């Protein structure tokens, strides 16, 4: 009996050690950035930022969060930022949107003078994906996607004005199984494709499927798995199914994924997931922020670079790094501002 008890304690100890090790708890955070902080923009909880490089504007997804995940209805909006006048006042696009709106992941797709915007919307009632149309700075709500497969949506990427992929970061909404997904890293979340009419699961077996983006030149879908520190690479097939290519180990809790004009991936990340979790619950004042980039050439051929690392006093809990020329717009989950960096 004593030997069995010792064995159980050893197994439990290994599980606990693995949780700490696999979430970056032992990583030493030393400030690193070769550029400068150009300015900060006072938009709260700018969790996702995406950029139209041709027309030089950014769309920011903002929600005022008290806790993550929320326990009451939160309020947020979409903002327009003119990147040619980075110091200009952001424009709230959704002031006339009159339903509960707590935006999370976003994506844009441009056709002629119209920009389609897809947005994950967390409400206490249900989870939705909202579709908007943007002309100039006038935003019009187009439709709401409502389906049981939109279970725990995190991020979305438009393939054209009608179809998209999105990630569900959990399989379970509540309870012990959701905790097991978070702390044990159970690989049971997924990616879903919507063709304009029907929803279909196209990838699964992912630990906390988070940011997602699409390289149309190479027909590749990139999915962030922060719990495993992976960027997962998939080939987009002609029927919109996905074929797994490889995992890129990043050594940090990768979040949203953006591209520059050379199709290099830029990723906001959480180098210490347990520290971030404590920060998001209000138990820590700061959480470290990180940015990495990945120039992806082909399978087993990529260049990964650590761009920015900071303990969280300038901005905590980085989630996105959206590049524009020599600027990087770095957003977060809960701070009252986000940073504009100059490379």
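Quick one: 302, 296, fewest Cβ neighbours within 10 Å first, how do they rank?
Details: 302 16, 296 21.
Ordered from fewest to most neighbouring Cβ atoms within 10 Å, 302, 296 come out as 302, 296.
So between residue 244 and residue 75, what do we pick up on full extension, going 0.36 nm a residue minus the alpha carbon distance? Display every interim value, and only then the final one.
Details: separation 169, 0.36 × 169 = 60.84 nm, distance 3.66 nm.
Fully extending the segment from residue 244 to residue 75 adds 57.2 nm.
Express the relative contact order of the chain as a whole percentage, based on alpha carbon pairs under 8 Å and six or more residues apart in sequence. Could you put the intermediate results ahead of the total?
Values: 900 pairs, mean separation 58.9, N = 343.
The value is 17 percent.
The range 255-322 to the range 28-89: how many Å between their Cα centroids?
Cα centroid to Cα centroid, the span is 14 Å.
Where does each of 183-190, 169-176 land if you order them by average Cβ count within 10 Å, highest first?
Values: 183-190: 19.4, 169-176: 14.6.
Peptide ranking by packing, descending: 183-190, 169-176.
From the Cα gyration tensor of the range 151-208, with a ≥ b ≥ c the square roots of its eigenvalues, which class applies: rounded if a/c is under 1.5, or else prolate if a/b is larger than b/c, or else oblate?
Values: a/c = 2.84, a/b = 2.62, b/c = 1.08.
It comes out prolate by the Cα gyration axes.
Any idea what the alpha-carbon Rg over 2.2 N^0.38 Å comes to for the chain? Don't skip to the end; give the middle numbers.
Working: Rg = 19.4 Å, N = 343, 2.2 N^0.38 = 20.2 Å.
Relative to the rule-of-thumb radius for its length, the chain sits at 0.96.
For residue 172 and residue 278, calculate 0.36 nm times their separation in residues minus their Cα-Cα distance, and state this gained length in nm to one decimal. Could you put the intermediate results ahead of the total?
Values: separation 106, 0.36 × 106 = 38.16 nm, distance 2.09 nm.
Gain on stretching residue 172 to residue 278: 36.1 nm.
Under a point spin-label approximation (7 Å from Cα along Cα-to-Cβ), what is the residue 235-residue 89 distance to one decimal in nm?
It is 5.2 nm.
Does the range 55-168 come out rounded, prolate or oblate by the C-alpha gyration tensor, with a ≥ b ≥ c the root eigenvalues, rounded set by a/c under 1.5 and, if not, prolate when a/b is larger than b/c and oblate if not?
Numbers: a/c = 1.91, a/b = 1.28, b/c = 1.49.
Because a/c hits 1.5 or more and a/b fails to exceed b/c, the range 55-168 counts as oblate.
Between helix 2-22 and the chain, what is the angle of the helix's C-alpha long axis to the longest principal axis, kept within 0 to 90° and rounded to the nearest 10?
The helix 2-22 is inclined about 20 degrees to the chain.
Find how much the distance from residue 146 to residue 31 grows on full extension, using 0.36 nm per residue of separation minus their present alpha carbon separation; answer in nm with one decimal. Provide the component values of the computation, followed by the final result.
Working: separation 115, 0.36 × 115 = 41.40 nm, distance 4.28 nm.
Contour length minus the Cα-Cα distance gives 37.1 nm.
Please check which bits of the range 25-57 a label hung off residue 342 would reach, taking the label as a point 7 Å along Cα-to-C-beta and the cut-off as backbone N under 15 Å.
Hits in the range 25-57 for residue 342 at 15 Å: 34-41.
Please determine, in degrees from 0 to 90 and to the nearest 10, the orientation of helix 175-184 with respect to the longest principal axis defined by the Cα atoms of the chain, where the helix direction is its Cα long axis.
Relative to the chain, helix 175-184 is tipped by roughly 80 degrees.
We did not get these values from a lab; they are worked out from the coordinates using the rules stated. Fair warning: this is a prediction, and the values are worked out from it, not measured in the lab. Quick reminder, even Gly has a Cβ in these numbers, built from the backbone with ideal geometry, and neighbours come from all protein chains shown.
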